[in-house]
1. Being free of Cβ contacts under 8 Å to residues at least 60 places away in the same chain and not in a helix (DSSP H, G or I) is the filter here, so list the residues in segment 275-290 that pass it.
2. Need a quick list: strands (runs of 3 or more DSSP E) entirely within segment 79-119 having at least 2 residues that are touching a Pro at 6+ places or on another chain (Cβ under 8 Å).
3. For segment 82-134, name all the residues that are of a type in the set (S, T, Y) and crowded, with 19+ Cβ neighbours inside 10 Å.
4. If we keep just the residues of segment 213-262 that are surrounded by fewer than 24 Cβ atoms within 10 Å (Cβ to Cβ) and at positive phi, which is farthest from ligand 1 (Cβ to nearest atom)?
5. Looking only at segment 294-311, decide whether some residue is closer than 30 Å to E103 by Cα, at pLDDT below 95 and of a type in the set (D, E).
6. Looking at G281, is it near ligand 1 (Cβ under 8 Å from one of its atoms), at pLDDT below 95 and crowded, with 24+ Cβ neighbours inside 10 Å?
7. Does T290 meet the test of being farther than 30 Å from G159 by Cα, more than 9 Å from ligand 1 (Cβ to nearest atom) and among the β-branched types (V, I, T)?
8. Restricting the search to segment 263-278, which residues are surrounded by fewer than 24 Cβ atoms within 10 Å (Cβ to Cβ) and either of a type in the set (D, E) or under 21 Å from K243 (Cβ atoms) (or both)?
Amino acid sequence: MKPIITLTMNPSVDVAWEVDEMVPVRKMRSSPGQSDPGGGGINVARVITILGGETRAIYLAGGAQGDFLDELLEARGLNRQWIRVKGRTRVAAMIFERETCQEYRVVPPGPELSRGEWEGVLDLADTVDCDWFVATGSLPRGVPNDFYAQLAARLKARGIKVVLDTSGRPLYEALQEGVTVVKPNQRELEQLTCKKATTGAAQAELCRQLVEESRAEIVALTLGGDGAVLAHGGGLIRLPSPKVDVKSAVGAGDSFVGGMTLGLAEGRTLEEAFALGVATGAATVLTAGTQLCHREDVARLFAELRSAARL
Ligand SMILES: Nc1ncnc2c1ncn2[C@@H]1O[C@H](COP(=O)(O)OP(=O)(O)OP(=O)(O)O)[C@@H](O)[C@H]1O
Ligand SMILES: [Mg+2]
């Protein structure tokens, strides 16, 4: 199996603190702070690595925080390719308030890219050596909304399968071009189609339509704790979310993408790959803060889903 390539256009250094209580003006004494690498594609690559798959995370970073991000990725043994950019990589803050068990998240926009910088990434699409390419996350400032569409066109021309997890206009534009797998959540699906998707029937119909219009070969709609729907040329599959003790949903969507893409790249059936995605997402919900999944949890939840769904 060739490594699965992931792309992160706008990664971050995520710093998590705990305080007793959020109060204005007065200093809030916090825990020392835990730093983690952040960004959709980086998370997907970390999950694939945890599950024993081969991957390479391509990411754009710059400034002193870019060096720090690389150090964090090195410490996690991630196979990676750093594309240096002029702007400074962002720092995102997470503050957990012990008193209320609420999590506050502060996410700045990140650096603005020059035309030369984003065009350089598009050119990579002509040379990368992979069967599966995962593009996830928001686009940084300066990058046109049709960036993922242009990227998908160039990858597809080389027979590479494209998995996309993004939102808003970049998602819409990319689906005009068409991708192999798209993973919206309910909000992203509603924005994309300008329709409400509150009932199971409406959700299924909207996913089915995207496949029929060749906007994606496979649509995996995830609904948090309420299960997931998969539409493809052969029909529709639904899976419930495993009942788990929810610690933090941070990274659940990326974990789903990592599990499902690995399943597909390994040649599992579509049903199995879908179940592996659901199991991986649920395993990440079991861990606190920015931690992703443990391999044993994924294996256990995957086995439970397979036996319940008779896969
Ligand atoms: N409360 C939960 N209980 C069980 N599993 C969950 C829960 N929340 C999320 N998951 C798992 O994670 C997967 C992805 O979660 P979700 O639908 O919340 O993605 P998302 O909205 O894209 O998340 P993100 O904010 O990470 O982008 C779900 O399909 C499910 O497998
Ligand atoms: Mg998501």
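1. Residues satisfying the conditions are L286, T287, A288.
2. Details: elements: 80-84, 90-97, 102-106.
Fully inside segment 79-119 and qualifying: 90-97.
3. Within segment 82-134, the subset of a type in the set (S, T, Y) is 89, 100, 104, 114, 127.
T89 - this is the single residue of segment 82-134 that is of a type in the set (S, T, Y) and crowded, with 19+ Cβ neighbours inside 10 Å.
4. In this case the residue turns out to be S214.
5. Taking every residue of segment 294-311 in turn, none turns out to be closer than 30 Å to E103 by Cα, at pLDDT below 95 and of a type in the set (D, E).
6. Details: near ligand 1 (Cβ under 8 Å from one of its atoms): yes; at pLDDT below 95: no; crowded, with 24+ Cβ neighbours inside 10 Å: yes.
Here the answer is no, as G281 does not meet what is asked.
7. Yes: the conditions hold for T290.
8. Answer for segment 263-278, where residues must be surrounded by fewer than 24 Cβ atoms within 10 Å (Cβ to Cβ) and either of a type in the set (D, E) or under 21 Å from K243 (Cβ atoms) (or both): E266, E271, E272.
The values are calculated or read from the model by the stated rules, or taken from the named source; none is laboratory data. Please read these numbers as outputs of a predicted model, since none were measured by experiment. FYI the Cβ positions are ideal-geometry reconstructions off the backbone, even for glycines, and counts take in every protein chain you see.
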